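Take a look at the structure below.
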Amino acid sequence: MTLTNGQIAELLARAEQDEAPGTNRRTALHRASRAALFWPEEAHALAEAGPLTELRSVGPWLAGVIAGLLASAEPPPDPPEARAGFLTLAEVRATLREHPEWAAELRSDLQMHTTYSDGRASLREMARACFDDLGYHHILITDHSKGLPIARGMDEARLAAESAEVAALNRELEVDGDARRVLHGLEMNLSPEGEGDMDPVDLRHLDVVLGAFHSKLRVADDQTNRYVAALRNPTFHVLAHPRGRRWDVRVGLRADWPAVFDAAREQGKAVEIDGFPDRQDLDVELAALAGEAGVWISIGTDAHHPRELANMEFGLAIAIRAGIPRDRILNYLPVEELLAWAADRE
Ligand SMILES: [Zn+2]
């Protein structure tokens, strides 16, 4: 019997509540609880090999606390729903080590943001990182649309400017004899009624369009009808971060998920696994239901900085653990097949 990093994180979060507000111990427990989700290996394995202070956010006092937790091996009660169903980086890395072909055969990342909306790196910086550091064959740029001003959502004119830059970048690649491609997409904001916020005429030249809810995400009642209505909207291809949950912030929308995934399949749409660690949406459980429904899956990192492109690890591990076959995942299609898939749905 031993504890996982996820269980340690939960125990530290609970210990935090026992300390008086504003104390150093409370701050340290809070930091370490969050950091535990991103320790690259299980603390119990490290405890046998070296000092726990090698772990991020762990000083001598916390190393003692964690050693005590590991020694008693008393698991925490189930976490609250807003912290349940998230993989830790240690779990993600263990899964990927067992299935190296998943990273080796991956062709693309299908959700990322640039300074055209709320990203912190330019389109060219994101493309360079994807091509030179990660070895992708193509990528999909998906900045926000105008209905989300908080994320500096683009109007039709700015979308057109971004298109021109994508085209220029692709011409440069072509001149260099480089077969890699930047695809132009959009993360289109969906109203709670499932309507998009952009002129459909301006969407037609885009390669792949994501649709996502960003409002009324805290309603508690069943939202199946909202999803079914949105999936009938012909102007997008992929339902991005379907639930809209955020780690320890909100649980996201509830629905009859098999019915939602059936509707997505009937409408020829894909549903996304968003690899952003605080989202992991779909998580393993829902991704398995999507797999059973036979719906197409798209994996995106939702990166807003080149560093966050590494979140692909979370997306892949969720797909592996959910038992999704690679031939149902858009990221494994060659670019021509991905474009044909999207064109077929217009
Ligand atoms: Zn979004």
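The values are calculated or read from the model by the stated rules, or taken from the named source; none is laboratory data. Note that the structure is a prediction, hence the values are computed from the model and not measured. Here the Cβ is made from the backbone with ideal geometry for all residues, glycine too, and neighbour counts use every protein chain on show.
Could you list, in sequence order, the residues of region 189-245 that are hydrophobic (A, V, I, L, M, F, W, C) and away from the ligand (no atom under 16 Å from the Cβ)?
Pass one, region 189-245, residues hydrophobic (A, V, I, L, M, F, W, C): 190, 198, 201, 203, 206, 208-210, 212-213, 217, 219-220, 228-231, 236, 238-240.
Those that are hydrophobic (A, V, I, L, M, F, W, C) and away from the ligand (no atom under 16 Å from the Cβ): Val201, Leu203, Leu206, Val219, Ala220, Val228, Ala229, Leu231.
Would you confirm whether any residue within region 268-275 is surrounded by fewer than 21 Cβ atoms within 10 Å (Cβ to Cβ) and either within 14 Å of the ligand (Cβ to nearest atom) or in the same structural domain as Ile318 (by TED's automatic domain parsing) (or both)?
Quick first cut of region 268-275, residues surrounded by fewer than 21 Cβ atoms within 10 Å (Cβ to Cβ) only: 268.
Of the ones still in play, those that are also either within 14 Å of the ligand (Cβ to nearest atom) or in the same structural domain as Ile318 (by TED's automatic domain parsing) (or both) are 268.
Yes - at least one qualifying residue is present in region 268-275.
Please tell me if His241 is touching a residue at least 60 places away in the same chain (Cβ under 8 Å) and on the phi > 0 side of the Ramachandran plot. Reasoning before the result, please.
Details: touching a residue at least 60 places away in the same chain (Cβ under 8 Å): yes; on the phi > 0 side of the Ramachandran plot: yes.
Yes.
I'd like to know if region 163-186 contains one or more residues that are more than 24 Å from Val335 (Cβ to Cβ), within 16 Å of the ligand (Cβ to nearest atom) and not in a loop (DSSP other than H, G, I, E, B). Can you show your working first?
We begin by selecting, within region 163-186, every residue more than 24 Å from Val335 (Cβ to Cβ); these are none.
No - not one qualifying residue is present in region 163-186.
Tell me which residues, restricted to region 298-312, are within 15 Å of the ligand (Cβ to nearest atom) and assigned to a helix (DSSP H, G or I).
Pass one, region 298-312, residues within 15 Å of the ligand (Cβ to nearest atom): 298-304, 308, 311.
Within region 298-312, Glu308, Asn311 qualify.
Which residues, taken from region 190-208, are crowded, with 20+ Cβ neighbours inside 10 Å and touching a residue at least 60 places away in the same chain (Cβ under 8 Å)?
Asp207, Val208, listed by residue number.
Using the structure shown, decide if Gly315 is buried (at least 16 other Cβ atoms within 10 Å of the Cβ), in a helix (DSSP H, G or I) and within 16 Å of the ligand (Cβ to nearest atom). It would help to see each step written out before you state the result.
Working: buried (at least 16 other Cβ atoms within 10 Å of the Cβ): yes; in a helix (DSSP H, G or I): yes; within 16 Å of the ligand (Cβ to nearest atom): yes.
Criteria met by Gly315.
Kindly provide the set of residues from region 195-213 that are closer than 16 Å to Ile273 by Cα and not small (Gly, Ala, Ser), ordered by number. Steps first, please.
Restricting attention to region 195-213, the residues satisfying the condition of being closer than 16 Å to Ile273 by Cα are 208-213.
If the condition is that a residue be closer than 16 Å to Ile273 by Cα and not small (Gly, Ala, Ser), then Val208, Val209, Leu210, Phe213 are the ones that fit.
Just the residues that are free of Cβ contacts under 8 Å to residues at least 60 places away in the same chain and either buried (at least 23 other Cβ atoms within 10 Å of the Cβ) or in a loop (DSSP other than H, G, I, E, B) (or both), please, taken from region 124-135.
Hits for region 124-135 are Ala127, Gly135.
Limited to region 249-267, what total is found for residues that are assigned to a helix (DSSP H, G or I) and of a type in the set (Val, Ile, Thr)? Break it down stepwise before answering.
Here is the first cut: in region 249-267, the residues assigned to a helix (DSSP H, G or I) are 257-266.
Going one step further and asking which of them are of a type in the set (Val, Ile, Thr), we end up with 260.
Matching residues across region 249-267 total 1.
Need the failing condition index for Pro149 against (1) under 21 Å from Ala240 (Cα atoms); (2) away from the ligand (no atom under 16 Å from the Cβ), just the number.
(2)
Quick one: is Val295 surrounded by 17 or more Cβ atoms within 10 Å (Cβ to Cβ) and away from the ligand (no atom under 15 Å from the Cβ)?
yes
Quick one: Arg120 ticks every box in (1) buried (at least 20 other Cβ atoms within 10 Å of the Cβ); (2) over 22 Å from Ser298 (Cα atoms); (3) within 16 Å of the ligand (Cβ to nearest atom) bar one, so which box is it?
For Arg120, the failing item is (1).
The rows are residues; the columns are (1) over 26 Å from Arg328 (Cα atoms); (2) hydrophobic (A, V, I, L, M, F, W, C); (3) at pLDDT 95 or above.
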| position | (1), (2), (3) |
| --- | --- |
| Met188 | no, yes, yes |
| Ser191 | yes, no, yes |
| Asp197 | yes, no, yes |
| Gly211 | no, no, yes |
| His214 | yes, no, yes |
| Asp222 | yes, no, yes |
| Ala229 | no, yes, yes |
| Asn233 | no, no, yes |
| Ala240 | no, yes, yes |
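In region 31-63, how many are among the aliphatic types (A, V, I, L, M) and either in contact with a Gly (Cβ under 6 Å, 6 or more places away or on another chain) or touching a residue at least 24 places away in the same chain (Cβ under 8 Å) (or both)?
Counting residues in region 31-63 that are among the aliphatic types (A, V, I, L, M) and either in contact with a Gly (Cβ under 6 Å, 6 or more places away or on another chain) or touching a residue at least 24 places away in the same chain (Cβ under 8 Å) (or both) gives 6.
Could we say that Ala82 is of a type outside the set (Asp, Glu) and touching a strand residue (DSSP E or B) at 6+ places or on another chain (Cβ under 8 Å) here? Outline the logic, then answer.
Numbers: of a type outside the set (Asp, Glu): yes; touching a strand residue (DSSP E or B) at 6+ places or on another chain (Cβ under 8 Å): yes.
Considered against the rule, which asks whether it is of a type outside the set (Asp, Glu) and touching a strand residue (DSSP E or B) at 6+ places or on another chain (Cβ under 8 Å), Ala82 comes out as yes.
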